[in-house]
Every structure is written in C-alpha cells, then in structure tokens.
C-alpha cells in the first residue's frame with residue numbers, strides 16, 4: 001500500500017527484479033534456446049525497449065525529434081517521483097507518535113444519518129447534536145442497507161460518509177469541555193460559544209482483526225452525551241450495554257464489522273490522517289486539509305483496509 005497513519009507505522013518499500021549473470025558461451029557452442037526466467041525479463045525489459053526505440057528513431061530523425069519532449073517529460077516525471085518518495089520517507093521517520101491514547105476493546109455499534117427510532121433506541125438521527133439540518137446537508141438518508149460501495153445508493157453525499165459518534169457534547173457542557181478537551185480554544189469559544197470544537201475531529205478506529213479506518217466525530221452518543229470522563233479520561237462506558245462508540249455504515253463496511261463489535265479508537269491530528277476513501281467527500285476543514293495532502297478524485301478506487309500500525 002505504501003501508506004502510513006502514524007510514525008510507528010511500517011513503511012513497505014517494493015523493489016522489483018534482480019541481476020542475472022549469464023556465462024559467455026564458446027564460439028562453436030550453439031545450445032538450444034532455453035526459457036528466460038521472468039525475473040530476468042522484468043529487469044531487462046526497459047533496456048530492450050529503450051534499445052528498440054533508439055534503433056527505430058535512428059532511422060527517422062523527424063520521429064526522434066518528435067519523441068524528445070515526451071522522453072524528457074518521462075525522465076522528469078521519474079525524477080520527481082523519486083524525490084517525492086524520498087521526502088515522504090523522511091517525513092515518515094520524523095512524524096511523532098500520536099499523543100492521544102487508545103481506548104481499547106470498546107463495544108461498537110452502528111448508526112446512520114436519517115435513521116429512525118429502533119426498538120432499543122428512540123433517537124432519530126435526522127439532526128445531530130451539532131447540526132439541525134444534518135440529513136439535508138448530507139444530501140439524504142445514509143441508509144445502512146442500500147449501499148453502493150462506501151456510499152448510500154442513489155446520491156453522492158455532500159458530507160464525509162466516514163463519521164462516528166462519542167458520548168460527550170462540548171456545546172452543552174462548555175465548562176467541562178474547557179477543562180478536558182485537549183484542543184480547546186478559549187478565544188474561539190468566546191467568539192462562537194455555540195459552535196462545537198469537537199465536531200469534525202478525526203478519530204482512528206481499529207478492528208479486532210487489526211484493520212484501521214479514519215472517520216470524523218459528527219454526533220453525540222451512543223446513549224449518553226455527558227461522559228467526558230470516558231471520552232477524554234480513563235473511565236469505561238457505563239450505559240446499559242456498555243457501548244462507547246457509534247460508527248457509520250461506511251466505517252462498518254470498511255472494517256468488516258457485523259453490528260456489535262469490539263474496537264479500539266483514539267483521536268488523531270489532521271496531519272496523521274493518511275490517504276483513503278475518508279478524504280474524498282465533504283467540505284469540513286479537516287477533510288480539506290487531508291485532500292490538500294492527498295489529492296484524489298471521487299472516481300479513484302477505494303483503498304484496501306489498512307493494517308494496524310502496532
């Protein structure tokens with residue numbers, strides 16, 4: 001994958017080919033042709049192609065002149081690609097370990113935008129704790145059962161389909177939030193007291209199988225909205241089924257969850273979010289920041305689930 005979430009992540013360097021030493025044959029010897037190993041073919045093909053192209057253009061000077069800009073562009077592309085890879089590896093070594101601790105073995109349930117009440121929960125997710133027009137702003141109901149890849153069928157969401165809920169509302173409890181939220185900004189609260197400083201925060205979620213996904217904190221739950229000692233402290237979830245993390249259908253599908261699972265989670269900074277389908281949609285500053293670092297288009301294929309960095 002060539003993709004790392006934190007400094008401790010392993011970086012896989014793929015190399016191809018090898019060298020083959022073919023002893024010179026005696027002038028009089030004419031051995032029968034043998035199959036050339038695929039490894040040798042892989043390592044010598046670029047040289048053969050280069051020689052073939054040179055022979056062809058040598059007989060046609062006009063063609064050689066026409067190919068020169070293309071050959072220069074290819075050379076520049078390869079050189080720039082090598083430089084980018086060197087910088088990426090250097091930055092990877094410098095990235096600090098995430099300062100946020102893991103919350104391990106947390107019972108994880110699923111919810112979705114536009115979800116109606118269920119037999120065990122009368123909450124309707126038409127609105128979120130921080131967005132009264134959540135469903136409309138998303139573009140429709142993010143149905144858990146009518147999907148097309150990581151998206152709801154029938155429309156492209158205007159918000160990130162990779163979202164989660166945690167049981168604390170900083171807008172409702174600003175006095176507590178100012179004491180426990182690590183990124184709390186007093187000046188921002190003074191200017192915008194009803195604007196959440198938790199909404200849109202990036203979270204890393206890890207399944208029991210070691211798959212890793214990234215999502216944004218977009219709602220409050222499950223069940224509680226005041227459990228700061230769990231979200232930012234050392235307590236465990238205390239509601240009736242001990243669930244402490246709600247995830248969207250996209251997170252469920254990416255990690256291969258089944259409904260009520262055990263997962264680990266932790267907060268991460270914007271710069272720790274790697275490439276993945278979670279950076280393709282939405283206009284939240286956290287998504288835009290990731291998009292600037294990982295330019296993608298909605299037509300790009302989704303990555304395979306990332307392995308655990310630990």
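Just so you know, all these numbers are worked out from the coordinates, no wet-lab data involved. All figures in this text were calculated on a predicted structure; none of them were measured in a lab. Ideal geometry is used to build each Cβ from the backbone, glycine not excepted, and the neighbour counts take in all protein chains shown.
With contacts taken as Cα pairs under 8 Å and at least 6 residues apart, the stretch 103-293 reaches a relative contact order of 31 percent.
Just want the ordering: 220, 171, from fewest to most Cβ atoms lying within 10 Å of their own Cβ.
Working: 220 27, 171 18.
In order of increasing Cβ crowding within 10 Å: 171, 220.
How high is the FRET efficiency between residue 183 and residue 72 when r is their beta carbon distance and R₀ equals 45 Å, given to the nearest 0.05? Before the final figure, lay out each step's value.
Numbers: r = 47 Å, r/R0 = 1.05.
Step by step, r from the Cβ atoms, then E = 0.45.
Mind sorting 280, 172 by how few other Cβ atoms lie within 10 Å of their own Cβ, fewest first?
Values: 280 24, 172 13.
Final ranking by Cβ density, sparse to dense: 172, 280.
Put in line by how crowded their Cβ is, counting other Cβ atoms within 10 Å and starting with the fewest, 109, 238, 141, 258 read 258, 238, 141, 109.
Sorted on the mean count of surrounding Cβ atoms within 10 Å across their residues, most packed first, peptides 204-210, 161-167, 131-137 read 161-167, 204-210, 131-137.
Based on the alpha-carbon gyration tensor of the stretch 116-243 and its eigenvalue square roots a ≥ b ≥ c, which shape applies: rounded if a/c is under 1.5, prolate if not and a/b is larger than b/c, or oblate? It comes out prolate by the Cα gyration axes.
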